[in-house]
1. How big is the Cα convex hull of the range A:43-85 in projection, averaged over all directions, in nm²?
2. Taking 27 Å as the cut-off for C-alpha to C-alpha distance, list the pairs among B:Lys84/B:Lys208; A:Lys58/B:Lys208; A:Lys50/B:Lys84; A:Lys91/B:Lys74; A:Lys105/B:Lys190 that go past it.
3. Just to verify a number: what accessible area does A:Lys91 come out at with the full protein assembly present, 1.4 Å probe, Å² rounded to tens?
4. Please work out the C-alpha center-to-center distance from the range B:93-137 to the range A:176-193 and express it in whole Å.
5. From the C-alpha coordinates alone, can you work out the Kirkwood hydrodynamic radius of the protein assembly as shown, in Å?
6. Restricting things to alpha carbons, find the Rg to Rh ratio for the range A:33-113 using the Kirkwood radius for Rh.
7. Taking chain B as a Gaussian network, Cα atoms linked when under 10 Å apart, which of B:Ser106, B:Ser86, B:Ser36 shows the biggest mean-square fluctuation?
8. Give me the percent of accessible area attributable to carbon and sulfur for the range B:47-223, probe 1.4 angstrom.
Amino acid sequence: MTHSNAKINRLTPTNEDTLGPYYPISLCDNDSMDMTEIRRGIILEPRGEKIVIEGCIKDINGNLANGCLLEFWQANADGVYRTPLTETHPKLDPWFNGYARHRTKDGNFSLKTIRPGVNTDLDHPRAPNITLTIFSDGIMRVVTQLFFDGDPANENDPLLLSIDKNLRERLLMKPAGETDNGLKIYKIDIIMAGDNETPFFDDLLS
Amino acid sequence: MTRYGRQIEIGPTDNTSNERTPRNRLHIIPEEARASFAPYAPYNYGINPGEADMTRLAPGRPRAEGDPIKVIGKITDEFGRPIKNSLIEIWNANKYGRYTHIEDHSGLALDPNFLGIGRTLTDQNGHYEFWTIRPGAYLARPDINRWRPKHIHMSIRGGSSRLITQMYFKGDPHNDSDPMRILMGDNFDKNIGIEFETPDEDFNCGYKFDIVIGGRNPTFFEDI
Ligand SMILES: [Fe+3]
């Protein structure tokens with residue numbers, strides 16, 4: 001699914017641009033920040049432990065970054081991502097897409113989801129993680145992955161191992177109590193720039 | 001151990017860019033983790049008829065003020081393969097440079113017949129078409145008299161292809177001082193719509209804006 005070895009007749013990509021401050025809020029009307037509910041009003045649910053991620057996006061001055069468009073992407077309870085290539089995968093969860101999108105007015109977000117699992121069929125299993133893409137005024141797309149503090153799989157995750165130890169800490173979501181109905185809450189602050197800046201990642205093709 | 005990617009540049013005279021641009025180089029994604037960085041958006045868009053015609057609020061309603069224009073183009077990956085059934089979200093200011101967005105506090109004139117928000121899908125060959133009003137330039141930073149040139153915002157999302165970009169207009173006097181244009185350098189030409197005539201149609205003119213999604217905006221191909 002990657003094309004890193006094909007180098008012939010490449011077209012020049014169109015420039016990315018910033019989101020700007022006026023991304024239409026109504027375009028997110030059909031988006032949900034509840035990955036556990038693939039359609040509204042049905043009783044079927046995805047496998048796995050329901051959790052809540054609470055976080056915020058902060059700028060270089062420690063202020064909340066308002067107006068960002070956030071996209072979340074994760075594997076299901078067995079560590080399998082839903083893509084066109086996995087539609088017939090035996091461990092695909094029909095009640096889980098793993099995608100959420102949200103335009104944050106004030107820089108805070110809250111995502112209800114299930115804790116992703118580890119796909120042990122892979123040669124290099126990934127630790128449970130959630131991919132976060134941020135679009136914002138003043139900057140093009142930046143992307144990172146968020147992990148669960150204390151998960152034993154973190155020790156062998158190829159992405160965590162690829163960055164310095166002191167930076168890994170900044171990608172860890174920390175336990176922060178429970179919701180009224182008993183779901184575990186995890187918290188993380190994303191720092192876009194400056195002290196304690198969150199590590200962001202780049203594709204080999206760029 | 002760590003391998004580094006790009007250093008993102010800070011847009012000149014742009015406060016938000018200064019506040020939000022990472023100061024550290026991006027980290028290269030190890031090969032084993034690359035697949036997981038390509039979100040695959042499910043198809044949950046219910047597009048209503050008329051959403052690609054931004055020149056009216058709905059079919060049969062009066063046309064908005066200003067020059068109606070038609071924008072067409074083809075969306076492909078770097079290898080020229082069409083990106084089909086891809087959702088394009090479009091937003092632009094009205095002829096006076098005002099967005100209908102609740103956070104646009106410029107005080108410029110609103111047009112009750114212009115929403116400035118549209119959506120469409122690419123067809124099987126990656127082609128798209130939408131109609132809008134040629135936007136006005138607007139003064140983005142009154143404190144330093146910096147304008148944003150005329151532009152149309154577009155977000156493209158289909159499968160895992162993901163790009164947010166803007167189409168600009170040739171010859172806009174504010175192009176040269178635009179911070180994003182300055183960052184793009186010579187490659188800015190890729191983001192200018194190519195004007196064409198629309199003799200028998202009810203438009204001021206058309207613009208052709210082909211889009212290539214590449215680089216770190218990975219694309220899933222269902223057919224491979
Ligand atoms: Fe704009």
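The values are calculated or read from the model by the stated rules, or taken from the named source; none is laboratory data. Only a predicted model underlies this, so the values are computations on that prediction, with no experimental measurement involved. In this analysis, Cβ positions are derived from the backbone assuming ideal geometry, glycine residues included, and neighbour counts consider all displayed protein chains. Accessible surface areas use protein heavy atoms only, side chains included; no ligands, DNA or RNA. Shrake-Rupley method; radii C 1.70, N 1.55, O 1.52, S 1.80 Å.
1. If you wrap the Cα atoms of the range A:43-85 in a convex hull and average its projections, you get 5.5 nm².
2. Values: B:Lys84/B:Lys208 18 Å; A:Lys58/B:Lys208 38 Å; A:Lys50/B:Lys84 34 Å; A:Lys91/B:Lys74 36 Å; A:Lys105/B:Lys190 31 Å.
Long pairs (Cα-Cα over 27 Å): A:Lys58/B:Lys208; A:Lys50/B:Lys84; A:Lys91/B:Lys74; A:Lys105/B:Lys190.
3. It works out to around 70 Å².
4. 37
5. Working: mean 1/r = 0.0445 Å⁻¹.
Across the protein assembly as shown, the inverse of the average 1/r is 22.5 Å.
6. On the way: Rg = 14.8 Å, Rh = 14.0 Å.
Using only Cα positions, Rg/Rh for the range A:33-113 is 1.06.
7. Its mean-square fluctuation being the largest, the pick is B:Ser36.
8. Working: 3770 of 7400 Å².
Carbon and sulfur: 51 percent of the exposed surface of the range B:47-223.
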